[in-house]
1. I'd like the full set of residues that are over 16 Å from the mean Cα position of the chain (by Cα) and in a loop (DSSP other than H, G, I, E, B), limited to segment 89-108.
2. Going residue by residue through segment 72-82, is there one that turns out to be loosely packed, with under 13 Cβ neighbours inside 10 Å and of a type in the set (A, V, I, L, M)?
3. Could you list all residues from segment 96-125 that are over 17 Å from F37 (Cβ atoms) and without any contact (Cβ under 8 Å) to a residue 40 or more places away in the chain?
4. Out of curiosity, is V85 open to solvent by less than 50 Å² (accessible area, probe 1.4 Å) and farther than 22 Å from S32 by Cβ?
5. Scan segment 29-80 for residues that are closer than 23 Å to G92 by Cα, more than 15 Å from the chain's Cα centre (by Cα) and without any contact (Cβ under 8 Å) to a residue 24 or more places away in the chain and jot them down.
6. So, F111, is that one assigned to a strand (DSSP E or B) and surrounded by 14 or more Cβ atoms within 10 Å (Cβ to Cβ) or not?
Amino acid sequence: MKHLIVLALALFSVCAVGLHAELPPKAPQKVSTEADFRQLLLTNKWSWRNVSAGIPDRECVFMPDGTFRHPNFTAKFTIKDIHVVDLNRKGGERAVMTFSPDYMTFEVLDFDQKRRITGQRLPAK
């Protein structure tokens, strides 16, 4: 019985630490540095709309490991300044995201440099 209690406490401790490690970062009150911008990117979900093709919005996220995840692709992201993010896919394809001054919307010339993409910050759930 003692072994069961010890095991249960150990399991609870591991779960509590695991949950704490996965808490989302807190959104900054304002963006004045690249670190603030990164926090804003990580704490929100974003829509991605291919305007040229009329394709419905796709939900996207920026991940702490430096990846940008879209349902149809993954890219590494690099913050260039507090309004610009480069997305780089394998094979050298690059797209540049430019965010509006209020960080509610962005525009992209897609990886093929032909299609215009628009997007917006999705409301928190």
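1. K90, G91, G92, E93, S100, P101, D102
2. For segment 72-82, residues loosely packed, with under 13 Cβ neighbours inside 10 Å and of a type in the set (A, V, I, L, M): absent.
3. If the condition is that a residue be over 17 Å from F37 (Cβ atoms) and without any contact (Cβ under 8 Å) to a residue 40 or more places away in the chain, then L109, F111, D112, Q113, P123, K125 are the ones that fit.
4. Against the criterion (open to solvent by less than 50 Å² (accessible area, probe 1.4 Å) and farther than 22 Å from S32 by Cβ), V85 does not qualify.
5. Passing the criteria: only K80.
6. For F111, the condition - assigned to a strand (DSSP E or B) and surrounded by 14 or more Cβ atoms within 10 Å (Cβ to Cβ) - is not met.
The values are calculated or read from the model by the stated rules, or taken from the named source; none is laboratory data. If you're wondering where the values come from, they're calculated on a predicted model, not measured in any experiment. Using ideal geometry, Cβ is built from the backbone for each residue, glycine included, and neighbour counts are taken over all protein chains shown. Quick note on the areas: whole protein, heavy atoms, side chains included, nothing else; ligands and nucleic acids left out. Shrake-Rupley method; radii C 1.70, N 1.55, O 1.52, S 1.80 Å.
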